[in-house]
Amino acid sequence: MGDINIGIVGLGWVAGAHIETIKNVKGANVTAICSRREHDEAALAAKYGMPLKAYTDFDEMLANPDIHVIDICTPHPLHAEQAIAAARAGKHLIIEKPICITWEDAKAIQAAINEAGVKACVCFEVRFSKHFQLVKSVIDEGLLGEIHFGEIDYYHGIGPWYGQYEWNIKKDFGGSSLLTAGCHALDCLLMCMGSKVEEVTSYETKSKSEIFEPYEYATTSVSILKFTNGALGKCTSSIDCLQPYYFHSHLVGSQGSMLDNRFYSHKLNGMVKDKWSTLETTLIDSGDVSDHPYQPQFQAFVESINGDSVMPLTDFDTALESHRVVFAADLSAAEGRPVKLSELE
């Protein structure tokens, strides 16, 4: 087929990052936006450097046959209704994380996608980062052996200085620390461990700082994961920390370990086991969406549409499993008990 035309719903700072990224994606163009606010199309063209059809009515945008993909960049509670409507209109989907606020809505989106036969990409773009592509390569080469413990943590103080703070503080918008932000870390942990989660136990707490007092939910959580192969995992999500952004990773295996971009492997002759060796790469070290690796992710999605194949790493079903673990963790924290993943079917 020819170029894929993308319509973006929601025109906040994330949408701006998507627009700038898609300019560099071969075979795709952003041709329309939909916003609650009216926008002058000439002003949009001047700002983004390309013509954009402006809608305020989402159904009207969905009715345009020349739009092939809907990119959902609205606040979290709107994702489910918009994704289901777009799928039923025969549009492929890009969905910013989280895909929705409840497990029931997540399953409803999946059903709509499957019934319509459309494709969907979820923005767990950290899987496409150079950092985690490197980590996955080290794992796939067998340099760590069989991983029996992994921890990947998300430390990012989301205060008034950050774009999403104003709405993120609300329970019905943010959901939880893990759902609104830390899900990136948990998703990467699942990719690295290579096994299904059997059970999760999660605990929550909250900073006493006045900065984070407006949050309507606990802003730090620690989740312990038990995998079906017997391995263990840990994921901390702290959006109330006062420190530089830190996406921490530590994997421990039968042949070696990896700490961020440092590693030791018993399989390589000549390594000194009391010193880390460094693998130079670009680390995930910023919460700024302009730094996120959307470009390789969106390129892979476009190619999957053209090739009628499942996109790698962040297809909907893979992302749904990460969300299932998140919702199980939040249920565990709420009810004060371990939760088996089989409880969420």
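One line per residue, one yes/no per condition, for (1) touching a His at 6+ places or on another chain (Cβ under 7 Å); (2) surrounded by 14 or more Cβ atoms within 10 Å (Cβ to Cβ); (3) touching a residue at least 12 places away in the same chain (Cβ under 8 Å):
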{"residue": "Y203", "(1), (2), (3)": "no, yes, yes"}
{"residue": "S207", "(1), (2), (3)": "no, yes, yes"}
{"residue": "S221", "(1), (2), (3)": "no, yes, yes"}
{"residue": "K226", "(1), (2), (3)": "no, yes, yes"}
{"residue": "K234", "(1), (2), (3)": "no, yes, yes"}
{"residue": "I239", "(1), (2), (3)": "yes, yes, yes"}
{"residue": "Q243", "(1), (2), (3)": "no, no, yes"}
{"residue": "F247", "(1), (2), (3)": "no, yes, yes"}
Consider P75 against the criteria (1) more than 19 Å from L186 (Cβ to Cβ); (2) under 16 Å from the mean Cα position of the chain (by Cα); (3) at pLDDT 95 or above: it satisfies all of them except one. Which criterion is unmet? (3)
What is the one condition in (1) under 28 Å from G336 (Cβ atoms); (2) touching a residue at least 12 places away in the same chain (Cβ under 8 Å) that E213 does not satisfy? (2)
If K275 meets every condition in (1) touching a Gly at 6+ places or on another chain (Cβ under 8 Å); (2) of a type in the set (D, E, K, R); (3) in a loop (DSSP other than H, G, I, E, B) apart from one, which number is that one? (1)
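Which of the helices (runs of 4 or more DSSP H) contained wholly in the range 32-130 include at least 3 residues that are surrounded by fewer than 17 Cβ atoms within 10 Å (Cβ to Cβ)? Spell out how you get there, then give the answer.
Working: elements: 41-48, 58-62, 79-88, 103-116.
Output list reads 41-48, 79-88, 103-116.
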Quick check on my filter: what residues within the range 304-334 are of a type in the set (D, E, K, R) and without any contact (Cβ under 8 Å) to a residue 60 or more places away in the chain? D308
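Do the conditions hold for L251, that is, is it buried (at least 20 other Cβ atoms within 10 Å of the Cβ) and touching a residue at least 24 places away in the same chain (Cβ under 8 Å)?
Details: buried (at least 20 other Cβ atoms within 10 Å of the Cβ): yes; touching a residue at least 24 places away in the same chain (Cβ under 8 Å): yes.
Taking the combined requirement at face value, the residue satisfies it.
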Mind listing just one residue for me: the one in the range 163-176 that is buried (at least 16 other Cβ atoms within 10 Å of the Cβ) and out of contact with any Phe, Trp or Tyr (no Cβ under 7 Å at 6 or more places or on another chain) and, of those, nearest to M193 (Cα to Cα)? G175
Can you tell me which condition S137 does not meet? The list is (1) surrounded by fewer than 17 Cβ atoms within 10 Å (Cβ to Cβ); (2) in a helix (DSSP H, G or I); (3) outside the structural domain of L251 (by TED's automatic domain parsing); (4) of a type outside the set (A, V, I, L, M), and all the others hold. (3)
Sort out which residues of the range 258-293 are at pLDDT 95 or above, crowded, with 19+ Cβ neighbours inside 10 Å and in contact with a His (Cβ under 9 Å, 6 or more places away or on another chain), and write them in order of number. M258, D260, N261
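Anything in the range 1-31 that is of a type in the set (G, A, S), within 24 Å of H76 (Cα to Cα), touching a helix residue (DSSP H, G or I) at 6+ places or on another chain (Cβ under 6 Å) and modelled with pLDDT of 95 or more? List them, or say none. Please lay out each step first, then the result.
First, pick out the residues of the range 1-31 that are of a type in the set (G, A, S): 2, 7, 10, 12, 15-17, 27-28.
In the following step, the residues that additionally are within 24 Å of H76 (Cα to Cα) were identified as 7, 10, 12, 15-17.
Among the residues that remain, those that are also touching a helix residue (DSSP H, G or I) at 6+ places or on another chain (Cβ under 6 Å) are: 7, 17.
Selection gives G7 alone.
The values are calculated or read from the model by the stated rules, or taken from the named source; none is laboratory data. Since this is a predicted model, take the numbers as computed values, not measurements. Positions of Cβ are generated from backbone atoms using ideal geometry, with glycine treated the same way; all protein chains shown enter the neighbour counts.
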